[in-house]
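Below: the structure, in structure tokens.
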Amino acid sequence: MVITHILIVVLDEPNQPRKKKSSNSTFRDKPKNEAEQGAATPGNQHRLTVDLSPETPTIRARKMIERRKRGFRLACMLLMGMSLVALGRAALNETLFQNPRFTLREIKVDTKGMLTESQIQAACGTATGVNMLTINLRDVRERVMQMPAVRSATVQRDFEGTLIITTQQRHPMAWVKCEKLHWIPKNPLQSLLVDEEGTAIPAEVVLGEFDKLPVIEDNTIDQITPGRPITSPRFLACMKLLKALQKREQQGGDKILSLKVPNTFAIDATFASEARVTFGYDNLEPQLVRYDRFAAEARQKKWSIETLNLVAEYNVPVTFRVTKAAASAPLAIPVTQVADAAPAARTSINRAARSPGAGKSTHKSSAR
């Protein structure tokens, strides 16, 4: 039976078609996924995972040695980095921060105004003897700018031991008098100045050049913050009027001495000629036009004005002071005025003075 079976197999084998061998017959195609692998071997119900890298004592010893080597290399690199940082810091301190060449020896101040050099040096918050590289120039400038009298400031260092501070101080324009807030002009303890922008400047030292500045008296001011503009409406009107009158003073007009807010609708201006002129709180332009015309007429006729009320638009009350320079007392003679662009100024001026036999020194009249 066995021999017959072998013969049959041998005889049947040539009849079967031979498979063409591939060029790489050593490697077999692996199944692409688990489904194909399961279909190729349906008889295998449980597959076993083969660990190709077994953990042996020799392998564990080698891994331990490798870990030790990596830790040693990391420690060496860390130690080297720390050494380089320490050496760099020491070199930096020796070269820059502890170098006597960069020691601050002098604080130089270039300024002109009410603040002295010592005041600005004390305000900068930096003393001599420190390293110049540790000085924050921006912080120094901000501390100097906090002074109310300073308009602008620049800070520089020349790396030769000198810190240069250049400041532009505010130019005072008038004194401020507000008894309600205890500001008294020309008082060293509690005096206040303002510049052309209306910025409040406390005057710690009263200089002689500020002694002749005009005074603005306004008790309607609610709050004054040093270094900030005063925002009271009537004070702003006083500043506007003061600028206009000082401009006329530069052109040969009467010198303004003081401005006072007596009530809520008027401003009293006192001049060096002892004339007192009352302006309205608002609509100053037409009042200034009337004032210019009246002042020109007074200069031409050599009148000495005592009071003038420009709040009235049509009948302007005025009083004169008789002087020896006047050839005769003003008479109530209407004067034709040149047409002006302002409607309120298109009036005529009636001038009046006392009669030759009168004994009074002043006489009230009205001007249109």
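Please treat every number below as a calculation from the coordinates, not as lab data. Since this is a predicted model, take the numbers as computed values, not measurements. Methodologically, a virtual Cβ is constructed for each residue, glycine included, from the backbone with ideal geometry; neighbour enumeration extends over all protein chains shown.
Quick one: dipole size for the range 101-169, taken about the Cα centre, charges +1 on Lys/Arg Cβ and -1 on Asp/Glu Cβ, in debye to the nearest 20.
I would put it at about 80 debye.
If you take every residue apart from residue 201 with its C-beta less than 13 Å away from the C-beta of residue 201, what net charge results, scoring Lys and Arg +1 and Asp and Glu -1?
Summing Lys/Arg as +1 and Asp/Glu as -1 gives -1.
For the range 101-169, I need the span (max minus min coordinate) of the C-alpha atoms along each principal axis, in Å, sorted largest to smallest.
The Cα atoms of the range 101-169 stretch 34, 18, 16 Å along their principal axes.
Find the relative contact order for the range 101-169 and round it to a whole percent, using C-alpha pairs within less than 8 Å whose residues are 6+ positions apart.
45
Can you say what percent of the DSSP beta bridges in the range 101-169, counting only those with both residues inside, are antiparallel? Round to 5.
Just about 60 percent of them are antiparallel.
From the cross-link list 177/255; 112/186; 108/243; 112/212; 180/212, which pairs have alpha carbons spaced over 27 Å apart?
Going by Cα-Cα distance, 108/243 fall outside the 27 Å limit.
What is the order of 120, 65, 267, fewest Cβ neighbours within 10 Å to most?
65, 120, 267
Please list the non-local residues whose amide H lies under 5 Å from the amide H of residue 219, H modeled 1.01 Å from N, same-chain partners needing a gap of 5 or more.
Those lying under 5 Å, H to H, from residue 219 are 261.
Sorted from largest down, give the three principal axis spans of the alpha carbons of the range 208-321, whole angstrom values.
That works out to 47, 36, 21 Å along the principal axes.
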